[in-house]
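Worksheet: the structure to be examined is printed underneath.
Taken together, the values in this text are just the output of simple stated rules run on the coordinates, not laboratory data. Since the structure is predicted, the reported quantities are computational estimates derived from the model, not experimental observations. Every residue, glycine among them, receives a Cβ derived from its backbone with ideal geometry; neighbour counts consider all protein chains shown.
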């Protein structure tokens, strides 16, 4: 179990980082402590609020980007996400919280990016789905890599959608995570 003391002990790593990526599989007090410290250090924070957990708007203070799937969006907003219209409604609800960027992953339908100035749908390419176990993790990894590479937000979400889509084509969790070269080729193919 990750404790707030563990977070404090990781300060050296945080000082070397360019982003902090968190999820809710460790105690929420530890997640919040890490977010607070990252904000103090000027690090942008990406929070994947998974698995669905009871968060309040104050918990997101300092979070740059909130990423949720349909079920997590419903858990936080009470809006059942069934299509792009309801996804947009949930995203707009979440934009009233402190995070300036909200992304809702939509499985085979890709992802919806929402900020105060834009709402953009990044559709997923149709593929033969074998296993969706690691799709969300691949999406978060792809998003972070794209942002680190300097992609604009819309393109970063498209890149992340490619990573998540590729992960569904292979059985397993770790074994399904695509390589950077695989994601890059899939993304370039999407652009052409």
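Modelled spin-label separation between residue 108 and residue 80, with each label point placed 7 Å from Cα along the Cα-to-Cβ direction: 1.9 nm. Each DSSP beta bridge with both residues in the chain is either parallel or antiparallel, and the antiparallel ones are about 40%. By the beta-carbon count within 10 Å of each Cβ, the least crowded to most crowded order of 74, 182, 5, fewest first, is 5, 182, 74. Ranked by how many other Cβ atoms sit within 10 Å of their own Cβ, fewest first, the residues 192, 176, 75 fall in the order 192, 75, 176.
Counting neighbouring Cβ atoms within 10 Å and putting the fewest first, the residues 145, 68, 45, 130 line up as 130, 145, 45, 68.
Inverting the mean 1/r over all pairs of different Cα atoms, compute the Kirkwood radius of the range 124-192 and quote it in Å.
Every distinct Cα pair counted, the radius reaches 11.5 Å.
Per 5 Å bin, what percent of the C-alpha pairs of the chain does each bin hold, from zero upward? The percentages, shortest bin first, are 1, 8, 17, 20, 20, 17, 11, 5, 1, 0. Here is how the number arises for the chain: DSSP H runs of 4 or more residues each give -39500 (n - 2.57), the sum is divided by the residue count, and the result at 222 nm is -13500 deg cm²/dmol.
Multiplying the residue separation of residue 179 and residue 117 by 0.36 nm and subtracting their alpha-carbon distance yields 19.1 nm. Dividing the convex hull volume of the alpha-carbon atoms in the range 47-89 by its residue count gives 69 Å³ per residue. Between residue 19 and residue 169, the simple spin-label model (points 7 angstrom out along Cα→Cβ) gives 2.2 nm.
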